[in-house]
Structures are given as structure tokens and as C-alpha cells.
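In what follows, a single structure is set out as C-alpha cells and then discussed.
The values are calculated or read from the model by the stated rules, or taken from the named source; none is laboratory data. Fair warning: this is a prediction, and the values are worked out from it, not measured in the lab. Glycine gets a Cβ as well: all are built from the backbone with ideal geometry, and neighbour counts include every protein chain shown. Each accessible area value is taken on the protein alone, full model and side chains, heavy atoms only, with ligands, DNA and RNA left out. Shrake-Rupley method; radii C 1.70, N 1.55, O 1.52, S 1.80 Å.
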Number of protein chains: 2
Amino acid sequence: MSGYFSDNINPVTVRTSEGVADIIRREILSGNLKPDQPLLERNLAQELGVSRTPVREALFALQGEGLVELVPRKYARVRKITPKDISQIYALRLVLEAHAAESAARYADSAAILEIETTLLRQKSLPKNCSAMEQANADLAFHAAISAASGSQILKTVSNQVLGITATLRSRFKYEPAQTKLAFNQHKAILAAIKERNPELAFARMSEHIQTSTDYAKGKVVIEES
Amino acid sequence: MSGYFSDNINPVTVRTSEGVADIIRREILSGNLKPDQPLLERNLAQELGVSRTPVREALFALQGEGLVELVPRKYARVRKITPKDISQIYALRLVLEAHAAESAARYADSAAILEIETTLLRQKSLPKNCSAMEQANADLAFHAAISAASGSQILKTVSNQVLGITATLRSRFKYEPAQTKLAFNQHKAILAAIKERNPELAFARMSEHIQTSTDYAKGKVVIEES
DNA sequence: TGTGGTATACTGGTATACCAAAAGCATGAG
DNA sequence: CTCATGCTTTTGGTATACCAGTATACCACA
């Protein structure tokens, strides 16, 4: 096999175990590392030009984020998301993010609201023909901004964790223009509710939005053969 | 300094990094390791009779669980929960566990329900004069059983994670008999709703229960001076 | 006596060497 | 030809040695 990573990785940036985790995380989220693919410590270490130690620590950290599964005495592998997991994960997202939106409407300061607006602008300015991953990242940024605006550190952490797991799927979505447009309008409506300081409305609109995404995701995820 | 741990630790059980994590976790939850207390790798390793490697891995894992905070290039320390964090954590518990109870009412199989009943029996049979930690553990077991019964792996993981953080506080609660009795009755009512397969009722009763606990916790946590 | 700089000791970060267990393969017996 | 068994290779787990950053204490100098 030719190697784990895409070729544009600068080895100089690899210094710490966090850097290693960042790279592996990116490769998982981008889909370059596929579900169930074994991550062998020595191979990763050699390719990244570091020793096994920071690689192991990175894998431990990624396990905590739910992206990697550590099979004791065997190997680490990219966590596989089964179709059954998908509904459970989206159900949890619904609960977490609706709560986040509600809290954001109550507590978000002006900086946090500005940050949300920024992610919306970035999403709007995406070219029509951009990749699935770019779309997924822009969407991700919006939802991360909402949970950050909730003012709850723990909610932000947990929410991003669950969101990150879904991201492993989304780079393989087929994004249709109609769906993209709908999602964007829902995002705008959620932000409006937050700016109006209307928690109930923010809650309801976020719930509806995630429900839409859920229905769409269940139909549109491309399950690749390995 | 005399050492991190209580004296009844069997060094033989310390074999793997998971074992190390178990011990440190237990000591944090029991309150023997206090918030903000630095955890120095060499000291931990020496006391547990292992090398620094499994200790570091344990600390990484515990960071993922939210029990330990890793300050790069300085040290690891027991995560401090501020009074402000408490409301945020309990608010999140409310959302997560109400969802878990609702799901449990829908999907729990008979084995899972039996497990919940078992935790209730254990709670009932606690002696009147038992320690705060024993009470906290029994309560913890009930809530863990609920999230396990939800049938959602991710919900169980996330829920236990948040629950675990609260556990660092609860060993320092003052448990009053009236409160204990009330909580037990609420637990019974939640189980009843689950057995009736009434998701809305389970949701409502769990919400009410966590709300009660929240109000109680905010008044009763003993903030110790360091 | 107070202040600042330097030296030293301590701590986490990384690399490497060694160990034990698991998996794959080859070989030989049925 | 097939299957079982044992050996070899591969892999994760642990211990140890070394490196780099940080804090602190002590000493020189103002």
C-alpha cells in the first residue's frame, strides 16, 4: 500500500502529539482514512516522521473524541458508523443542538453572534461547484458556532464531539442544490431567532433543521464498499 | 508529601494503562484526589509501581472523560468544577437523561429493565448511616442503567461522561434523609414509566428528578478550601 | 536591602529498546 | 488435497533514556 496520507503534508509541522492528532483527525474527516481501516502505529509514525510515542498519544486522544476505536492488543482503527448508529447520533444531535440554540438565544454575547454571522457569510460565498467536504465544513462551522455561543463549555465540548463523528459521514454526502439552499435558509432563521432573544423559537427551528438533515442524511449517505 | 492514594491499593492489580486509569478515576471520584491537585507523572508511576508510559496514557484517557485537565509542558491536574460549571453541567444532564429515559421507555429490553430494577434494590438496601460516596455510587448506577437501557451507544457514552463529572462533586454532598427518600421515589416513578412504555411520562419524570437534584446540589455542595 | 539575572533542578515531551501476545504462513501428517 | 500445528513475523504494551521548556532559588550587584 502506498501510504496513509495525502501527499501535501508538511513534515515540519509535525512536532507534537497534538499535531499528529490534528493530521489524523483531518484525514479521517476528509475520508482519506476510511472506516474500519487499521491504523498501525509504526506505519503512522514512519510516515509522519515521528516516533510511536506521540502517535499513540494522538490515538488515545482521538479515541476520546470518538473518531478512533482502540482494540487492545490488536490495533487502532477508524471508527465505523453503522446505519443504526446514524439515527442514534442524529437523535442525540437533535437534543444537544436544540438545547444549544436555546441557550445561545439566552446567553450569547455580541461577539458570539458575530461569529455565527461570519460562518453564514462563509457558507453563502461558497462556489456552486465546491466539494462535498467544503460544504460539510461550512455547515460544521455554523453548528460549532452555535454551541460555542451557548456559553456552556461542557455543552460545547460534548456537542462538537458528536458533531465530529457525523462529519466522518458528511464528506461522502451527495449535496443537492435544493437541499443546500434549504439548509442555508434554516441557518438564517435560527440566527434570527437567537438575535431576537427568543429561546423557544431558536429551539424549535434548530430541532426542525436537524430533523431535516436527519431525513436527508438517511437517504443520501453513500455507503462505500471497502 | 505522603502520597496520592489511599493505602488499600493492591499494586498487583496494576498491569495496564487501563488499570492505572481505573485507579486514578476512582481516587478522583472518591474525593481523595482534590480539584486542581497536580498529578505528576513520576510520582504517580512510582506509587503505582509502573513506568511513566501507562500513567501518561491513563491521563490522556481521563482527559477525554473530562476528569483531568492536561496543561501542556506543565502538568496534569484534577479538573476543577466551578460553581458556574455546575448549572451548565446539570442543565446538560437534564437534556441528556430526559432523552435517555424517553428512549429507554421506547426501546429497553427486559434485561436492561431488570438491570435498572437491580440498581434500585441496591439503593433501597443501603444502610441508613452509609457514606456519601456509597449513596452517590448507588444513584450513579441507576442513572447509568437508564442511559444503557436507551439502546443508544453514543448516548450512553456521552451521558456517562457528563454523569462522571458530576460525581466528582457528589462525594462531598451532605445527603439528608428527606432528600434521599424523595430521590428514591422519583427513581421508582421513572422506572414505572419505562415499564409502562410511556416515553413522554418517562421524559417528564426524569426532567423533574434532575431538576430536583439540581436545586438540591446547588444548595448542598460543600466547597472545600484547598 | 531590594532587584534582577543566572544556574540548577524538576517536569513534561519524545525517541528507542525490549517484551509478550496475536496473526499469518509454511510445512507435514492424515 | 485438506487441515492442524508450530514457527516466524508483526503488532501493541511497557520501560527507560534523553531532550527541552519552566520555575525557582540563590547570588551578585546596585
Checklist entry - Looking at the stretch B:158-180, is at least one residue within 14 Å of another protein chain (Cβ to nearest Cβ), within 24 Å of B:Arg26 (Cβ to Cβ), modelled with pLDDT under 95 and not in a helix (DSSP H, G or I)? => result no
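How many residues, within the stretch A:65-80, are more than 9 Å from chain B (Cβ to nearest Cβ), free of Cβ contacts under 8 Å to residues at least 40 places away in the same chain and open to solvent by 60 Å² or more (accessible area, probe 1.4 Å)? Working first, answer last.
Within the stretch A:65-80, the first condition is being more than 9 Å from chain B (Cβ to nearest Cβ), and the residues that meet it are A:67-71, A:73-80.
Then keep just the ones that are free of Cβ contacts under 8 Å to residues at least 40 places away in the same chain; that gives A:69-71, A:73-76.
With the extra rule that they be open to solvent by 60 Å² or more (accessible area, probe 1.4 Å), the set shrinks to A:69, A:73-75.
The qualifying residues number 4.
Out of B:Leu126, B:Leu33, B:Leu62, I need the residue that is away from DNA strand C (no atom under 12 Å from the Cβ) and under 30 Å from B:Phe203 (Cβ atoms). Which one?
B:Leu126
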Next on the checklist: Just the residues that are within 11 Å of DNA strand D (Cβ to nearest atom) and closer than 19 Å to A:Ala61 by Cα, please, taken from the stretch B:40-60.
Outcome noted: B:Glu41, B:Arg52, B:Thr53, B:Pro54, B:Val55, B:Arg56, B:Glu57, B:Ala58
Checklist entry - Restricting to the stretch B:25-47, what's the tally of residues that are in a helix (DSSP H, G or I) and under 18 Å from the mean Cα position of the chain (by Cα)? => result 6
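Condition check ((1) under 19 Å from the mean Cα position of the chain (by Cα); (2) of a type in the set (Gly, Ala, Ser)) across all residues:
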| site | (1), (2) |
| --- | --- |
| A:Val78 | yes, no |
| A:Pro83 | yes, no |
| A:Ala91 | yes, yes |
| A:Leu96 | yes, no |
| A:Glu102 | no, no |
Checklist entry - Does A:Leu62 qualify as being of a type outside the set (Gly, Ala, Ser) and within 14 Å of another protein chain (Cβ to nearest Cβ)? => result yes
Item to check | One residue from A:Ala91, A:Ala111, A:Ala100, A:Ala58 being hydrophobic (A, V, I, L, M, F, W, C), surrounded by fewer than 16 Cβ atoms within 10 Å (Cβ to Cβ) and closer than 28 Å to B:Leu92 by Cβ | outcome: A:Ala111
Checklist entry - Does B:Ser150 satisfy the criteria of being in the same structural domain as B:Leu94 (by TED's automatic domain parsing) and touching a Gly at 6+ places or on another chain (Cβ under 6 Å)? => result no
Checklist entry - Restricting attention to the stretch B:51-88, which residues are closer than 22 Å to A:Arg52 by Cα, modelled with pLDDT of 90 or more and in a loop (DSSP other than H, G, I, E, B)? => result B:Ser51
Checklist entry - If you go through the stretch A:86-105 one residue at a time, do you hit one that is in contact with a Gly (Cβ under 7 Å, 6 or more places away or on another chain), assigned by TED's automatic domain parsing to the domain that holds A:Arg26 and not charged (D, E, K, R)? => result no
Next on the checklist: Can you find a residue that is more than 19 Å from the chain's Cα centre (by Cα), among the small types (Gly, Ala, Ser) and surrounded by fewer than 17 Cβ atoms within 10 Å (Cβ to Cβ) anywhere in the stretch B:145-163?
Outcome noted: no
Next on the checklist: For the stretch A:99-125, give me each residue that is within 14 Å of chain B (Cβ to nearest Cβ) and under 17 Å from A:Asn185 (Cα atoms).
Outcome noted: A:Ala101
Item to check | the stretch A:39-55, residues that are more than 9 Å from DNA strand C (Cβ to nearest atom) and either buried (at least 22 other Cβ atoms within 10 Å of the Cβ) or within 9 Å of another protein chain (Cβ to nearest Cβ) (or both) | outcome: A:Leu39, A:Leu44
